[in-house]
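The values are calculated or read from the model by the stated rules, or taken from the named source; none is laboratory data. Every value quoted in this text rests on a predicted model; they were computed, and no experiment measured them. Cβ atoms come from the backbone with ideal geometry, glycine included; neighbour counts cover every protein chain shown. What goes into the accessible areas is simple: the full protein's heavy atoms, side chains included, and nothing from ligands, DNA or RNA. Shrake-Rupley method; radii C 1.70, N 1.55, O 1.52, S 1.80 Å.
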Amino acid sequence: MIRIRQAVIVEGKYDKIKLSSLLDTVIIPTDGFGIFKNKEKMALIRRLAQTRGIVILTDSDSAGFKIRSYIGGSLPQEQVIHAYIPDITGKERRKNAPSQEGKLGVEGMSARVLMECLERAGVTCEETVEPGRKITKNDLYEDGLSGRPNSLILRKKLLAQLQLPERLSSNALLQVLNVFMTYEEYKQAVHSCRQPQADRKGQ
């Protein structure tokens, strides 16, 4: 498992599954062309690009390049790394037939090929550091962000404060929080959300 700083943008859930076995980072699937109409997910990608940069790793067919162009064109160039898989003909095992262009996608690439693609693109491993206290599902519950009567209201307040999409699920929120902040910063943010509006203005 290789830890990298940048978040990785892929097309589908099977691409994410493949990369999740290789990389220790946030991996966001675009759901194919669904990204064109998903403002919430694009807002999340923009935030990830601002805070840690992103790697776009889409298929090498025309659809993959359209998605790559859309995302890459929506962000400052210095926040984006483009990684390209080679043109290899074939069919993924789970599919009954090859893709329209007959090329293997990200999920069909070997681990070696994928790591070589990232290396050529200039993606480097982060130094191993002593991990801090992770934010957990139990923390979200204990702090009233999930499983409680007013959890949705408090979660929306926190998401608004962090400039994140309000429709993030609890699981997605947990992943994003561990990317953007330490446990201590998370606790401070939750405390701030719980304060009455007047108190926050008076500080």
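Laid out as a table, the results:
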| quantity | calculated |
| --- | --- |
| Subset tally (residues that are at pLDDT below 95 and in contact with a strand residue (DSSP E or B) (Cβ under 8 Å, 6 or more places away or on another chain)) for region 67-107 | 8 |
| Residue match in region 44-67 (condition: within 24 Å of residue 175 (Cβ to Cβ) and more than 18 Å from the chain's Cα centre (by Cα)) | no |
| Complete set of residues in region 44-73 that are surrounded by fewer than 23 Cβ atoms within 10 Å (Cβ to Cβ), of a type in the set (S, T, N, Q) and either under 15 Å from residue 27 (Cα atoms) or in contact with a Lys or Arg (Cβ under 7 Å, 6 or more places away or on another chain) (or both) | 51, 60 |
| Residue match in region 122-135 (condition: under 16 Å from residue 47 (Cβ atoms) and charged (D, E, K, R)) | no |
| Members of region 4-43 that are in a helix (DSSP H, G or I), crowded, with 20+ Cβ neighbours inside 10 Å and not charged (D, E, K, R) | 19, 35 |
| Helices (runs of 4 or more DSSP H) (entirely within region 84-199) containing at least 2 residues that are closer than 19 Å to residue 52 by Cα and open to solvent by less than 40 Å² (accessible area, probe 1.4 Å) | 111-121, 170-180 |
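Residues are listed down the side, and each one gets a yes or a no for (1) aliphatic (A, V, I, L, M); (2) touching an Asp or Glu at 6+ places or on another chain (Cβ under 9 Å):
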{"residue": "23", "(1), (2)": "yes, no"}
{"residue": "64", "(1), (2)": "no, yes"}
{"residue": "75", "(1), (2)": "yes, no"}
{"residue": "95", "(1), (2)": "no, no"}
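Matching residues to (1) touching a helix residue (DSSP H, G or I) at 6+ places or on another chain (Cβ under 7 Å); (2) among the charged types (D, E, K, R):
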| site | (1), (2) |
| --- | --- |
| 3 | no, yes |
| 18 | yes, yes |
| 22 | yes, no |
| 37 | no, yes |
| 58 | yes, no |
| 70 | yes, no |
| 79 | yes, no |
